[in-house]
1. With a 1.4 Å probe and every protein chain kept in, tell me what percent of the accessible surface of region 1-63 is carbon plus sulfur.
2. So between residue 19 and residue 234, what do we pick up on full extension, going 0.36 nm a residue minus the alpha carbon distance?
3. Going by a ≥ b ≥ c, the root eigenvalues of the Cα gyration tensor, does region 1-63 fall in the rounded group (a/c under 1.5), the prolate group (a/b larger than b/c) or the oblate group?
4. What FRET efficiency comes out for residue 214 versus residue 258 if R0 is 30 angstrom and r is the Cβ-Cβ distance? Round to the nearest 0.05.
5. Restricting to Cα atoms and excluding each atom paired with itself, what does the Kirkwood estimate give for region 64-148 in Å?
6. In degrees from 0 to 90, rounded to the nearest 10, what is the angle of the helix 238-259 Cα long axis to the longest principal axis of the chain?
7. To check my understanding: the extent here is largest minus smallest coordinate of the Cα atoms along each principal axis. What are those three numbers for region 66-244, in Å, largest first?
8. Report the calculated FRET efficiency for residue 124 and residue 4 (r = Cβ-Cβ distance, R0 = 41 Å), to the nearest 0.05.
Amino acid sequence: MGAHPEYLGQSDIQFGKKESLEDTAKVLGRMFDGIEYRGSNHAVVEGLAKHAGVPVWNGLTDKWHPTQMFADLLTMKEHFGYLKGLTVCFVGDGRNNVANSLTIGCLKVGINVMILAPKKLQPDVELTELAQQCAKKSGASYFITEEQSALNTVDVVYTDVWVSMGEESLYEERITLLHKYQVNQTLMDKTGKNSIFLHCLPAFHDLETTVAQKIQRQYGLSELEVSDEVFRSEASLVYDQAENRLHTIKAIMVASYYTI
């Protein structure tokens with residue numbers, strides 16, 4: 001018998017409104033062989049994992065985005081042929097879920113990590129301490145900076161949207177903080193090598209979406225975290241990343257059943 005996926009959206013499930021998270025997890029665990037949670041509250045995915053009795057995968061929370069990180073690692077391995085010793089720089093909001101998972105995942109496999117971000121958007125103490133522990137074990141380096149001159153050691157430039165889900169009221173603040181951190185060709189040239197560009201998508205690199213058009217009307221910007229030139233360049237492997245989400249998530253699902 002083939003697999004049968006079921007989608008339960010926000011209006012289809014309770015999670016503490018009329019039924020406790022524990023009760024919901026136990027019921028879902030009776031009905032499904034595995035659960036993927038994608039939502040803002042990280043405590044929910046932890047509760048599901050604790051009580052469901054079946055594999056639970058974190059598809060994205062406000063704290064972590066591990067499935068994206070696996071796709072990123074596969075994309076780098078395909079391009080370079082190796083991982084250990086590469087240097088990745090995340091540019092922009094260095095505290096978001098993608099930056100967190102990218103940092104820890106890369107450091108665990110020996111990839112050096114640099115966070116290029118303004119002070120206000122740099123990783124918190126908890127994440128930094130965890131990153132330093134991972135770096136010590138693998139021999140990789142972990143570096144946080146505001147200076148773009150540090151890019152001269154970088155093999156991979158990575159960015160994400162400046163405003164994450166649930167932060168839509170912060171566009172003006174983020175644009176003020178991050179406009180100097182746009183990944184454009186000038187920034188890419190500072191690496192001094194044939195560095196690649198990665199982005200987890202969606203990306204605000206043109207005006208082909210209603211959200212981008214609204215931002216352009218309000219703030220006069222036609223590009224945000226990445227320029228269209230870089231996004232469409234030969235250095236950009238963003239569509240390889242998108243495809244690799246499929247392959248790596250399938251691998252995670254298979255691996256889960258051999259480890260429970």
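1. Carbon and sulfur: 48 percent of the exposed surface of region 1-63.
2. 72.4 nm
3. Verdict is rounded for region 1-63.
4. Here the calculated transfer efficiency is 0.05.
5. 12.6 Å
6. Approximately 30 degrees, to the nearest 10.
7. 48, 35, 31
8. For residue 124 and residue 4, the calculated efficiency is 0.55.
The values are calculated or read from the model by the stated rules, or taken from the named source; none is laboratory data. Because the structure is a prediction, the values reported are computed rather than measured. Neighbour counts are summed over all protein chains in view; Cβ atoms, including those assigned to glycine, are modelled from backbone coordinates with ideal geometry. Heads up: the accessible areas ignore ligands, DNA and RNA and are worked out on the full protein's heavy atoms, side chains in. Shrake-Rupley method; radii C 1.70, N 1.55, O 1.52, S 1.80 Å.
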